[in-house]
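Each value in this text was obtained by applying a stated rule to the coordinates, not by laboratory testing. Computed from a predicted model, the values in this text were never measured in an experiment. Reconstructed Cβ throughout: ideal geometry from the backbone, glycine too, with neighbour counts over all protein chains shown.
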Amino acid sequence: MYNIDKIKYSLQARLSSKRYEHTLGVEYTCCALAMRYGADMQQARMAGLLHDCAKHYSGERLVEKCIQYELSISEYEKAFPELLHAKVGAYLAREKYGVEDKEIINAIECHTTGKPDMTILEKILYIADYMEPNRDRAPHLATIRELAFSDLDACLLKILSGTLYYLKSKGSVIDPQTEATYEFYNNSKAL
Ligand code: DGI
Ligand code: FE
Ligand code: FE
């Protein structure tokens with residue numbers, strides 16, 4: 001069993017108060033979605049709680065951490081190292097917070113870009129991260145919050161298309177995994 005209080009204490013000490021509130025919001029939303037879809041609620045809560053546990057590191061520190069922990073860095077991650085908070089977070093969830101459940105680790109690892117053919121837990125974390133109660137800036141939040149409880153894949157696609165639109169409008173580098181995730185869910189929607 002995990003010591004949730006200890007994990008929360010440690011996260012609160014490291015993350016900014018805004019990021020910590022976001023973390024609690026993602027934990028809560030993961031649990032609600034797990035309840036809706038019959039997924040494991042404790043597993044979903046833990047994924048939500050730890051998903052941004054490396055978010056306080058700068059891009060430069062994240063690159064250093066990857067080198068130190070021997071984690072690979074792609075060309076895209078080099079160009080936009082903040083993306084690495086998911087990979088380093090997955091590593092720390094296992095090595096520092098003692099999470100042995102590979103499904104939780106995988107969900108944390110892909111929570112920023114998504115990936116094609118996600119598990120229910122991976123979808124729940126990806127969606128909860130976007131729509132937790134403290135989020136207020138993303139477009140179509142009301143629709144996304146409604147869709148999350150009726151059609152997970154349609155909800156994913158709505159988030160992905162909004163994210164791609166936002167990144168393109170900023171002229172940002174788009175990770176091939178974000179693009180591949182969008183393509184997968186866009187192609188599977190009619191099936
Ligand atoms: O860590 P959070 O802020 O809670 O959320 P997150 O892990 O989903 O990260 C969100 C940011 O990641 C958001 O600004 C969009 C960005 N992002 C997602 N996919 C890509 C990306 N940024 C780039 N440059 N390329 C991507 O493919
Ligand atoms: Fe994140
Ligand atoms: Fe997050």
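Brief remarks follow.
- Flag for residue 97 being within 27 Å of residue 6 (Cβ to Cβ), hydroxyl-bearing (Ser, Thr, Tyr) and more than 14 Å from ligand 3 (Cβ to nearest atom): yes
- Every residue from segment 50-94 that is out of contact with any Phe, Trp or Tyr (no Cβ under 9 Å at 6 or more places or on another chain), more than 15 Å from ligand 3 (Cβ to nearest atom) and basic (Lys, Arg): 61, 78, 94
- For first residues located in segment 47-71 and in contact (Cβ under 8 Å) with a residue 40 or more places away in the chain, partners that are of a type in the set (A, V, I, L, M, F, W, C) and more than 16 Å from ligand 3 (Cβ to nearest atom) and lie 6+ apart or on another chain with Cβ distances below 8 Å form the pairs 49/4; 50/99.
- A count restricted to segment 109-124 and to residues that are within 10 Å of ligand 1 (Cβ to nearest atom) and out of contact with any Phe, Trp or Tyr (no Cβ under 8 Å at 6 or more places or on another chain) stands at 2.
- Scanning segment 168-191 for residues that are within 21 Å of residue 86 (Cα to Cα) and in a loop (DSSP other than H, G, I, E, B) gives 172, 173, 174, 175.
- Extreme residue, nearest to the chain's Cα centre (by Cα), among residues of segment 112-163 that are of a type in the set (Gly, Ala, Ser) and more than 22 Å from residue 82 (Cβ to Cβ): 148
- Of residues in segment 104-136 being among the hydrophobic types (A, V, I, L, M, F, W, C) and not in a helix (DSSP H, G or I), the one nearest to ligand 3 (Cβ to nearest atom): 110
- Looking only at segment 41-95, residues that are in a helix (DSSP H, G or I) and either of a type in the set (S, T, N, Q) or within 12 Å of ligand 2 (Cβ to nearest atom) (or both) come to 16 in all.
- Selection from segment 13-41 of residues that are more than 15 Å from ligand 1 (Cβ to nearest atom) and surrounded by 14 or more Cβ atoms within 10 Å (Cβ to Cβ): 31, 32, 33, 34, 37, 39, 40, 41
- Positions within segment 1-23 being part of a helix (DSSP H, G or I), touching a residue at least 12 places away in the same chain (Cβ under 8 Å) and among the aliphatic types (A, V, I, L, M), in sequence order: 4, 7, 11
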